[in-house]
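Novice: To start, I am sharing the structure in question, which I have written as structure tokens.
The values are calculated or read from the model by the stated rules, or taken from the named source; none is laboratory data. This one's a predicted model, so the numbers in the text were calculated from it and none came from an experiment. Cβ: placed from backbone, ideal geometry, glycine included. Neighbour counts: every protein chain shown.
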């Protein structure tokens with residue numbers, strides 16, 4: 001017969017971690033409710049003690065999500081705190097939260113509904129929207145403001161931090177520059193301009209008055225200008241090349257011609273404008289200049305008041321036309337124009353993206369931003385183009401305009417009439433006046449600057465032709 005042995009067995013409660021987790025959650029909820037209701041705790045009291053002392057039971061509370069919404073400061077603040085990847089998902093989350101509140105059983109008990117006024121007020125707010133059929137429109141407005149104002153930028157910053165997490169390597173940068181110059185034929189100054197563009201996008205609190213936009217253009221086809229722009233813009237937004245479409249906009253959107261259109265510069269670090277410049281910028285050019293060096297915009301979301309949103313005006317333009325056809329002034333400081341003249345070596349999209357990724361992640365800025373900004377030449381505009389054309393025409397027709405039988409003195413209007421064979425317009429006279437001032441400033445009469453000596457102009461024109469002074473060829 002086997003002796004019976006008394007064995008002490010230790011029994012484990014496998015539900016203990018779950019209970020501990022549940023108790024911690026309840027304790028956190030009660031802490032929030034006590035704070036919302038301004039219930040102070042006595043010494044040694046727990047959050048549950050305070051809650052019960054004020055005559056309440058746990059079953060009197062609505063769901064924890066409703067408590068979180070009220071505790072964080074309302075549905076707007078709660079929406080901004082969500083970790084979502086799209087505005088559509090954010091909208092669904094807001095609608096679901098409102099419907100949960102409306103369906104919460106606690107709020108249909110007349111004895112309990114007024115026990116927690118700060119919570120029941122949110123219920124009344126949702127119920128009022130539901131009864132008037134405005135839950136969808138309110139949720140759309142909340143999602144729009146929360147996504148555009150906070151979440152999109154937060155997600156963007158996280159993605160950019162991942163791409164630019166490594167410290168810049170000078171040798172990798174030089175290797176990338178060597179390949180880029182060999183493939184696309186960029187000059188050293190053009191590569192430096194792209195480096196400036198990348199660095200200004202990465203620069204925190206960059207001075208908007210020193211914004212430089214890249215204007216990459218080519219008359220030839222298949223030069224890869226748009227692909228380059230897409231690669232650089234997606235990299236600076238912490239994204240993959242496949243999603244470049246998110247960052248392409250139009251000039252009308254960026255200038256907020258429609259007050260309900262939000263510029264993409266308010267959402268992203270860099271924006272691509274492909275063939276965006278209008279053929280005639282006479283009326284809008286002043287507004288374009290203002291936008292390029294601004295740091296905010298007024299946005300009018302539907303069903304809400306107008307709000308001011310911060311913008312990063314770092315645009316990458318691509319075009320088949322020379323920038324001189326769009327710039328109305330004689331010169332412009334806000335652009336750096338790069339012309340790709342020859343068809344480059346053909347690379348895959350992945351190779352192009354990888355090369356520019358190596359470039360962008362390893363660039364470093366100059367220590368003196370103002371000096372670096374001033375090192376770039378201004379681009380010529382239509383005023384310069386017109387002036388060069390007029391100078392050529394004056395010199396080509398100098399025998400007629402300043403011939404021996406032309407008289408003693410001439411004026412800008414007489415020269416303009418001789419060139420255009422009609423009564424000159426104000427703009428024509430202005431162009432001729434600028435050209436005359438550049439060519440024959442020493443031929444003016446001291447007593448009256450409006451008059452030019454014909455003999456002196458004839459001699460000056462002969463001198464220019466004789467010494468071979470180069471005049472800009474007509475465009």
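Per-residue answers, yes or no, for (1) in the same structural domain as residue 228 (by TED's automatic domain parsing); (2) closer than 15 Å to residue 192 by Cα; (3) loosely packed, with under 15 Cβ neighbours inside 10 Å:
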{"site": "348", "(1), (2), (3)": "yes, no, yes"}
{"site": "362", "(1), (2), (3)": "yes, yes, no"}
{"site": "369", "(1), (2), (3)": "yes, yes, no"}
{"site": "375", "(1), (2), (3)": "yes, yes, yes"}
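For (1) within 29 Å of residue 353 (Cβ to Cβ); (2) surrounded by 15 or more Cβ atoms within 10 Å (Cβ to Cβ); (3) assigned by TED's automatic domain parsing to the domain that holds residue 232, each residue gets a yes or a no:
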| residue | (1), (2), (3) |
| --- | --- |
| 88 | yes, no, no |
| 100 | no, yes, no |
| 112 | no, yes, no |
| 116 | no, yes, no |
| 120 | no, yes, no |
| 138 | no, yes, no |
| 153 | yes, yes, no |
| 193 | yes, yes, yes |
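Novice: Return yes or no: is residue 402 touching a strand residue (DSSP E or B) at 6+ places or on another chain (Cβ under 9 Å) and surrounded by 15 or more Cβ atoms within 10 Å (Cβ to Cβ)?
Specialist: yes
Novice: Being modelled with pLDDT of 85 or more and out of contact with any strand residue (DSSP E or B) (no Cβ under 8 Å at 6 or more places or on another chain) narrows it down to one residue among 414, 421; which is it?
Specialist: On the way: 421 fails: modelled with pLDDT of 85 or more.
Only one candidate passes the filter, namely 414.
Novice: Follow-up question, since we're still on this one. Any residue at all in the range 379-391 that's surrounded by fewer than 15 Cβ atoms within 10 Å (Cβ to Cβ) and not in a loop (DSSP other than H, G, I, E, B)?
Specialist: Looking through the range 379-391, none of the residues is surrounded by fewer than 15 Cβ atoms within 10 Å (Cβ to Cβ) and not in a loop (DSSP other than H, G, I, E, B).
Novice: Can you tell me which residue is surrounded by the fewest Cβ atoms within 10 Å (Cβ to Cβ) among those in the range 215-246 that are more than 18 Å from residue 350 (Cα to Cα) and in contact with a strand residue (DSSP E or B) (Cβ under 9 Å, 6 or more places away or on another chain)?
Specialist: 219
Novice: A further question follows. Which numbered condition trips up residue 171, out of (1) at pLDDT 95 or above; (2) surrounded by 11 or more Cβ atoms within 10 Å (Cβ to Cβ)?
Specialist: Among (1) at pLDDT 95 or above; (2) surrounded by 11 or more Cβ atoms within 10 Å (Cβ to Cβ), the lone unmet condition for residue 171 is (2).
Novice: What number of residues in the range 265-318 are closer than 16 Å to residue 337 by Cα and either at pLDDT below 90 or not assigned by TED's automatic domain parsing to the domain that holds residue 334 (or both)?
Specialist: 5
Novice: Against the definition (surrounded by fewer than 20 Cβ atoms within 10 Å (Cβ to Cβ) and assigned by TED's automatic domain parsing to the domain that holds residue 375), how does residue 179 come out, yes or no?
Specialist: yes
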